[in-house]
Amino acid sequence: MDISEPAANRKNAIVWEVIIYGWCWLKALAERYKKLMVEFKNKVKKVGTDDPRRVTHSLKVGVALLLVSLIYYDKPLYGGFGSSTMWAVLTVVVVFEFRVGATLSKGINRVLATSVAGSLGLVVHHLACLTGDKVEPVLLCFSVFLLAAASTFTRFFPGVKARYDYGMVIFILTFSLVAVSAYKTDEILPVAGERLITILIGCVTCAVISIFLFPAWAGEDLHKLMFQNIEQLAVFLDGFGGKYFGEDTTVVTGKKSFLEGYKKILSSMHEEEALTNFARWEPPHGSFQFGYPWKHYLKIGKLTRRCAYRIEELHNCITSKMKAQSEFIKMIQDSCMDLGKESGITLQELSAAVKQMTYPKTAPKHIKNLKMTADNLKAILKMVTLENANVLEDVMSGAMVASLLVDIVGCIEDIAESIIELAHLAKFKGADPAVRQEKLSQQLGNIKVHL
């Protein structure tokens with residue numbers, strides 16, 4: 001018997017183990033990459049389906065870059081602008097935004113800031129040249145320091161920060177580049193002119209494509225956000241009574257209960273401010289004409305969030321699992337449910353009025369009904385507090401719910417008054433243009449709930 005045979009067998013066994021291990025590793029690696037590809041595909045699909053405008057925006061950016069890149073391939077154009085052609089490409093990359101208003105805001109800020117800073121830089125350069133070689137660099141450095149510091153401080157002003165912050169950054173950058181580069185060249189004026197023209201080409205290209213090729217209007221998004229937020233409040237209040245008092249009428253949208261819909265309103269302030277700022281840069285479009293009162297949406301948004309915070313407290317009352325079978329709860333159940341239902345109906349009417357841009361004629365009627373129901377509920381609370389003080393601890397949760405519902409009625413009245421004001425300012429269908437501004441509050445003044 002050959003003694004080398006066991007060693008050969010062991011060697012073969014080791015080889016087979018390595019092969020099997022390698023095969024399993026490759027198979028696991030393939031499965032892992034397959035899983036990653038599926039996840040990536042799902043993410044891409046989700047991003048595209050959540051807002052199909054993202055796909056068209058990506059294509060629009062590609063078209064804009066393609067057009068400005070043609071300057072490189074056209075010899076007469078490239079010969080006229082030279083290396084300054086690159087500024088057109090850079091401008092498209094930094095200026096083209098998702099919404100029309102954001103693109104116009106950046107484009108106008110960039111052109112104005114470049115023009116003003118470039119002109120000022122040339123003036124400073126000319127004055128510095130008159131002072132001599134020794135004083136010139138000192139004067140240029142001091143001017144850069146002074147204007148950069150002043151411009152940076154100006155950016156802290158809220159109005160400037162909201163609308164012109166990007167322009168101030170470009171102003172600082174352009175002035176510094178002109179002031180520094182002008183010290184070492186004698187042909188600063190032609191170079192500055194070429195760069196300004198190519199930047200203007202880039203901004204105009206972005207603006208034209210953004211406006212005329214599948215535009216995404218910030219004004220439309222802001223308008224949609226307003227009535228959807230009000231509708232979310234209505235959905236919660238409409239189903240709150242059944243959920244709280246044990247009659248489950250949960251309304252489900254997608255995978256989330258109606259209890260979760262209001263939460264996005266709590267953090268909507270920054271989005272509303274950004275959309276309002278962008279909408280003010282946009283030209284008239286659709287039903288939104290020149291001088292449309294975009295800033296009034298901030299007032300409606302603020303009132304909507306105030307109502308949402310009250311609703312969050314109601315939500316906490318639901319999750320606290322209070323005793324829903326107590327005598328006090330039975331006493332206030334009907335009034336609370338009626339108040340919740342009527343609040344939901346009123347907010348639905350207001351949301352529909354904003355959505356359809358029509359005057360909310362039924363708002364005073366609904367709020368009058370809210371006032372009557374709220375008065376009945378307050379009467380019950382007063383009666384229980386005075387005659388049944390010994391059970392105060394047992395009714396604290398229920399009294400809090402009732403009090404919050406009454407507070408919400410006040411919030412709804414303020415929202416209704418603000419929407420009526422918007423209807424007159426924006427000339428919604430059915431609004432009387434003869435109604436003066438000081439008379440707006442009188443339409444709800446006689447039925448205002450005093451809390």
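For the condition more than 21 Å from Val92 (Cβ to Cβ), more than 28 Å from the chain's Cα centre (by Cα) and of a type in the set (S, T, N, Q), Ser181 qualifies. The single condition among (1) under 18 Å from Ser397 (Cα atoms); (2) of a type in the set (A, V, I, L, M); (3) in contact (Cβ under 8 Å) with a residue 12 or more places away in the chain that Ala363 does not meet is (1). Taken over region 82-92, the criterion of being touching a Gly at 6+ places or on another chain (Cβ under 9 Å) and open to solvent by 10 Å² or more (accessible area, probe 1.4 Å) is satisfied by Trp87, Val89, Leu90. I'd like the full set of residues that are β-branched (Val, Ile, Thr), open to solvent by 60 Å² or more (accessible area, probe 1.4 Å) and either under 17 Å from Phe278 (Cα atoms) or in contact (Cβ under 8 Å) with a residue 12 or more places away in the chain (or both), limited to region 95-125. Listed by number, the residues that qualify are Ile108, Val116. For region 154-167, taking the residues that are surrounded by 11 or more Cβ atoms within 10 Å (Cβ to Cβ) and either at pLDDT 95 or above or of a type outside the set (A, V, I, L, M, F, W, C) (or both), the one that is farthest from Ala102 (Cα to Cα) is identified as Thr154.
Select from region 60-79 the residues that are modelled with pLDDT under 80 and charged (D, E, K, R) and write down the one among them that is nearest to Arg99 (Cα to Cα).
As a first pass, look at region 60-79 and keep what is modelled with pLDDT under 80: 71-79.
Narrowing further to those that are charged (D, E, K, R): 74-75.
Details: Asp74: 31, Lys75: 34 Å.
It comes out as Asp74.
Where helices (runs of 4 or more DSSP H) fall wholly inside region 251-368, the ranges with 1 or more residues that are under 20 Å from Gly410 (Cα atoms), at pLDDT 90 or above and open to solvent by less than 10 Å² (accessible area, probe 1.4 Å) are 263-266, 296-319, 327-356.
Figure legend. Inter-residue proximity from region 234-246: first residues free of Cβ contacts under 8 Å to residues at least 12 places away in the same chain, second residues crowded, with 20+ Cβ neighbours inside 10 Å and not in a helix (DSSP H, G or I), beta-carbon distance below 9 Å, spacing 6+ or different chains. No pairs are indicated.
Looking at region 135-174 only, could you name the residues that are over 29 Å from Leu275 (Cα atoms) and among the aromatic types (Phe, Trp, Tyr)? Selection gives Phe142, Phe145. Just one of (1) open to solvent by 20 Å² or more (accessible area, probe 1.4 Å); (2) at pLDDT 90 or above; (3) in a helix (DSSP H, G or I) fails for Ala192. It is (2). Residue-level analysis places Ala128 among those that are in contact with a Leu (Cβ under 9 Å, 6 or more places away or on another chain), assigned to a helix (DSSP H, G or I) and surrounded by 14 or more Cβ atoms within 10 Å (Cβ to Cβ). Cβ-Cβ contacts under 9 Å between residues 6 or more apart (or on different chains), taken from a first residue in region 41-67 that is without any contact (Cβ under 8 Å) to a residue 24 or more places away in the chain to a second residue that is outside any helix (DSSP H, G or I) and open to solvent by 90 Å² or more (accessible area, probe 1.4 Å), are listed as Leu59/Phe214.
So that you can scan it fast, the table gives a plain yes or no per residue for (1) touching a Leu at 6+ places or on another chain (Cβ under 7 Å); (2) among the hydrophobic types (A, V, I, L, M, F, W, C); (3) farther than 30 Å from Arg53 by Cβ; (4) part of a helix (DSSP H, G or I):
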site	(1), (2), (3), (4)
Leu90	no, yes, no, yes
Leu104	no, yes, no, yes
Val111	yes, yes, no, yes
Ser115	yes, no, yes, yes
Ser119	no, no, yes, yes
Val123	no, yes, yes, yes
Gly132	no, no, yes, no
Glu136	no, no, yes, yes
Thr152	no, no, yes, yes
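The values are calculated or read from the model by the stated rules, or taken from the named source; none is laboratory data. From a predicted model like this one, the values you see are computed outputs, not experimental measurements. So basically every Cβ, Gly included, is an ideal-geometry build from the backbone, and we count neighbours across all protein chains shown. All accessible areas refer to the heavy atoms of the entire protein, side chains included, with ligands and DNA or RNA removed. Shrake-Rupley method; radii C 1.70, N 1.55, O 1.52, S 1.80 Å.
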